[in-house]
Structure formats: C-alpha cells, structure tokens
Amino acid sequence: MSFFTDLAHQYIDGEWKAGSGSWDIIDFNPYDGEKLASITVATADEVDQAYRAAERAQQEWAETNPYARRAVFERALRIIEDREEEITEAIIAELGGTRLKAAFEIHLTKEFLREAVHFALLPEGRVLPSPEDGKENRLYRVPVGVVGVISPFNFPLFLSVKTVAPALALGNAVVLKPHQNAPVIGGSLLARVFEDAGLPAGLLNVVITDIAEIGDAFIEHPVPSVISFTGSDRVGRHVATVCASHFKRSILEMGGNSALIVLDDADVDYAVDAAVFSRFVHQGQVCMAANRILVDRSVEGEFTEKFVAKVASLKVGDPADPTTHIGPLINSSQADAVAAVVDQTIAAGARALLHGSVDGNLVAPTILADLPAGSPVLGQEIFGPVALLVPFDGEDEAVRLANDTPYGLSGAVHTRDVERGVRVAKRVRTGMIHVNDGTVHDEAIVPFGGEKSSGVGRLNGEATVDAFTTQKWISVQHGRSRFPF
C-alpha cells in the first residue's frame, strides 16, 4: 500500500473523499524535503458531516455486544503487526523518526491496542442502597457519545491510538483531527487500519484541516461531549476555554519541562545513559523529555564529563540509516526556534559544553551549563535536542529547582537508595516520576497525565474509562412510593 498516495484524503462516514477547502496541506519529508502528499483541507461543513456521521453511528455501536466490539481491535492489532515494516518506513518519511523511534512508537501502539481489546469489557455497574424502602439505585457506566480527538505530530500514530481505540471500545464514536505535519501517520492510516478491521462506517472519521480554515468549529460543534487534546499548553489553554464555554469535558495532555535528578549516591554511568535517552529520544520532541539534568555538585564533574562524551558520540543524519540516533526536527520553524533559544541563552551568559550545528532541519545536540539564575530557558519546554545541566547542593535544592517551572508532567530521580528516591519523587510536583529510570514512559494500565500547565485529567486504564464514559443513575421503586402531597 502506498500510504502517501492512497491515504491523502478525508475519511468521513466510511468514504474516502477530497476536502473542499480552498488550499492544500503539503506533507513533506522533514529530512530531504520530498513532497509526500498534497491534501485539500476539510471545511467546517465537512467537520459537521463527520460529527453528524459519528452521531448517527454511535447509538447502535453502543448497543453492540462488547464481545463483538472487541473483535475489531483484535483485528486492528493483527493489521498493525502485518504492516509493521510499511508503517516503519512511513514514520521515517513523514516524521523524520529514526528506526529506533519507529520501533518504539509501533511497540507502544500495539500495547495500547492490546489493552483496548479489554476496554470493551471494563465498564461495570453498581447497585447502591437507598434510605427509601423498596428502592433500588442502579448506577450505570455509559458512553459519553462522540469524542473529538486532536493529536500531535511527534508520536502521532501512538497518541491517536491511545485515545481513539479506548474511546471506540467503550462504545463511543470518534472524529479525529491529526496534526497537519502528520496527517497520514496520525490520521488517515489509522482510519484505513480500522476500516480493514471491520469497524462500521461513521464510527471513526478523520478530518485533515487547520484552524486557519475551520477556526474553532472542531471544538465548538454541538455533537461531541468530550474533546481530547494533545499538544502545546498554549493551544491547550484555548481548547479548555472553548470547551468550558460550551460545557464540554476536556482531556488535556500538554507540554513538559521534566527534570532528571542525579543525587550524590547515584550510579553515575547508569544515570548518564538514562539522561541521554531521556533528553535526545526523537530529537527531544517528546513532552516527557528531560529538559533539565539536575546533578549534585559532589558528582557533577564525573557526570558532566561522561554525559558530554556520550552525547558527542550520537550520530546525526538520515533517519532511515539504522545507525542514526538524531534525525531532523519536524519542520524549519521548529529548527529555527531551537537554534534561537540556544543562541539567546548563550548570549545571556550560559556556557556551551557542546554546541550543535544546524543543517536544514537537522539540529545536532547542544549541552548548556552555567546558566544564570532565573534564565528563562530553565522554565520552558525546548522541543529539540538541547540539554541543560544544572548543579545543586542537597535534596532540598534539587526539589526546589525541579519544581521551579510552570510544567509538571514527568521526571526521574537517580539514587542507590530506592526509598530515598521515592521520598524525593513525592516532593516533585509532577503527574509521573520514575526512580532509577528515564523520564519517557507510558504504560497502558497506569494513569498518565500532568499537573500545572502539563495537563488536566488522566488517560490509560481505569482513568480512560472515567474520561470516555459517564455515570447514569436509574432508580427502581419496588412497590409504591409515598409522596407528601
């Protein structure tokens, strides 16, 4: 299957069609600039068509036996497994992901599809007591109806699947808007997988478009009751505001500025390995990436020497080359923004232990140290291969530095004393944090989400059931009630 020829379309109510907007999204390979596809954008009218199709299809799907629903996800998983090499090549081409990154993303996608098989059977009802004689209170878990999903460009297949699959499994219908830099991997590929897996028409719709064309139509539309957004906190704030004004539930997975803390008793060699992966996986374009490496001064010299040496050994280049560690950033705007942050931070007094070159969208790793106190870069998310080394004296200062950011998504603590690590981890205000490991993790049954500007709500496992179902109280009066008049 030629992904970028066959899938360069909208997918609405089970039909592949061209958008009717006045301009095209051009899908480029970020490494060599090759044009992969040209997709005419969907209009607000087509967004309406997608939501109306979802609304029509959802009720029958919700009433379908959950054992029959789960069979769709079993088939979808087999399709992903059968087409893994094709999908790998497409991830490399559309995202500039290395083969290592593609394998990581596909692995996570399969894990979450395996879990989606079970979501169809997860909702449970309850019977609650009543102070009224003869009354039975039944509490049902029912689908929310239609879910609107906005997915990002960095791990688009996985991050679409982790929302779309459980929402469908729980009896909902979905309209998916992938990022314009990942329209195929994050959108139409998933539509094809579920189409081939036998998902009934209308239950999953994919609209490839942009706010320049549709404005807020995707989130304002009256049909969806939940909007799930993954992306920047700037856009997420707007999504939350619009959802609140329309009394919609919003699930927001946003940016991060994670700290990896190396305590004085850490295994330095292991901490270096964890820090390099946590900062530079997929060129640093990961919300959980360790922007800041906080190192106790007693081990700062040893850690820094080994960290710089390992980062300097990373190969930058063609993501199709199996030996490449660092591929291109997603587009020139992102590459320019990362280069500008580095230049501004050095001009403000930071020292570059390693200063990576920029060649098109290829940005080689940079390591900055001696950052002035209060440097703006310490509080922001850098979506690129830039590491900040910050020394500290003792646990209290490490915790203060880790918390000195508007974000709170992930983190890590390295120490030979596990319980000490847990004590420190509890003091860091994040939704997730890992002792003696990296900062980049996602597991299908463990609640995933952030604090502060990193998000609202949780996904995975029972948290996903809460996100995409609602509780309905039905009482039954056995016998006759007595009314006061």
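When the residues of region 294-347 are filtered to those that are free of Cβ contacts under 8 Å to residues at least 24 places away in the same chain and in contact with a His (Cβ under 9 Å, 6 or more places away or on another chain), which remaining residue is farthest from Val399 (Cα to Cα)?
Ranking the qualifying residues of region 294-347, first place goes to Lys315.
Residue pairs, Cβ under 8 Å, 6 or more apart or interchain, first in region 369-385 and in the same structural domain as Val308 (by TED's automatic domain parsing) and under 23 Å from Arg297 (Cα atoms), second buried (at least 20 other Cβ atoms within 10 Å of the Cβ) and among the hydroxyl-bearing types (Ser, Thr, Tyr). List them.
Correct list of pairs: Leu371/Thr345; Ser375/Thr345; Val377/Thr345; Leu378/Thr405; Gly379/Thr405.
Of all residues in region 75-102, which are closer than 15 Å to Val193 by Cα, in a helix (DSSP H, G or I) and not β-branched (Val, Ile, Thr)?
Listed by number, the residues that qualify are Arg75, Ala76, Leu77, Arg78, Glu81, Asp82, Glu84, Glu85, Glu86, Ala90.
Scan region 451-458 and give yes if some residue there is among the hydroxyl-bearing types (Ser, Thr, Tyr), within 26 Å of Glu381 (Cα to Cα) and touching a Pro at 6+ places or on another chain (Cβ under 9 Å), otherwise no.
Yes, because at least one residue in region 451-458 is among the hydroxyl-bearing types (Ser, Thr, Tyr), within 26 Å of Glu381 (Cα to Cα) and touching a Pro at 6+ places or on another chain (Cβ under 9 Å).
It is to be established whether one or more residues within region 19-35 are assigned to a helix (DSSP H, G or I) and over 25 Å from the mean Cα position of the chain (by Cα).
No: zero hits.
Output the residues belonging to region 456-485 that are within 16 Å of Phe229 (Cβ to Cβ), part of a strand (DSSP E or B) and either modelled with pLDDT of 95 or more or more than 30 Å from the chain's Cα centre (by Cα) (or both).
Scanning region 456-485 gives a single hit, Leu459.
Filter region 105-152 for residues that are in a loop (DSSP other than H, G, I, E, B) and acidic (Asp, Glu); which is farthest from the chain's Cα centre (by Cα)?
Asp133
Given the options Val146, Val142, name the one that is of a type in the set (A, V, I, L, M), at pLDDT 95 or above and surrounded by 16 or more Cβ atoms within 10 Å (Cβ to Cβ).
So the residue among Val146, Val142 that is of a type in the set (A, V, I, L, M), at pLDDT 95 or above and surrounded by 16 or more Cβ atoms within 10 Å (Cβ to Cβ) is Val146.
Of the residues Gly327, Gly317, which is in the same structural domain as Val424 (by TED's automatic domain parsing), over 26 Å from Ser453 (Cβ atoms) and more than 24 Å from the chain's Cα centre (by Cα)?
Gly317
Which pairs turn up if I take residues in region 59-72 that are of a type in the set (D, E, K, R) and look for partners that are in a helix (DSSP H, G or I) with beta carbon separation below 7 Å, at least 6 apart in sequence or on another chain?
Listed by first residue and then by second, the contacts come to Arg69/Ala169; Arg70/Val117; Arg70/Ala169.
Where the second residue is in a loop (DSSP other than H, G, I, E, B) and charged (D, E, K, R) and the first is in contact (Cβ under 8 Å) with a residue 12 or more places away in the chain and lies in region 202-224, which pairs have Cβ atoms under 6 Å and are six or more apart or on separate chains?
Cβ pairs passing all conditions: Gly202/Asp13.
Does Gly236 count as touching a strand residue (DSSP E or B) at 6+ places or on another chain (Cβ under 9 Å), closer than 28 Å to Ser375 by Cα, at pLDDT 95 or above and not assigned by TED's automatic domain parsing to the domain that holds Leu401?
Taking the combined requirement at face value, the residue satisfies it.
From the list Arg416, Arg429, Arg420, which one is in a loop (DSSP other than H, G, I, E, B) and in contact (Cβ under 8 Å) with a residue 60 or more places away in the chain?
Being in a loop (DSSP other than H, G, I, E, B) and in contact (Cβ under 8 Å) with a residue 60 or more places away in the chain holds for just one of Arg416, Arg429, Arg420, which is Arg416.
The values are calculated or read from the model by the stated rules, or taken from the named source; none is laboratory data. In this text, all values refer to a predicted model and were calculated from it rather than measured experimentally. Note: ideal-geometry Cβ built from the backbone for every residue, glycine included; neighbour counts use all protein chains shown.
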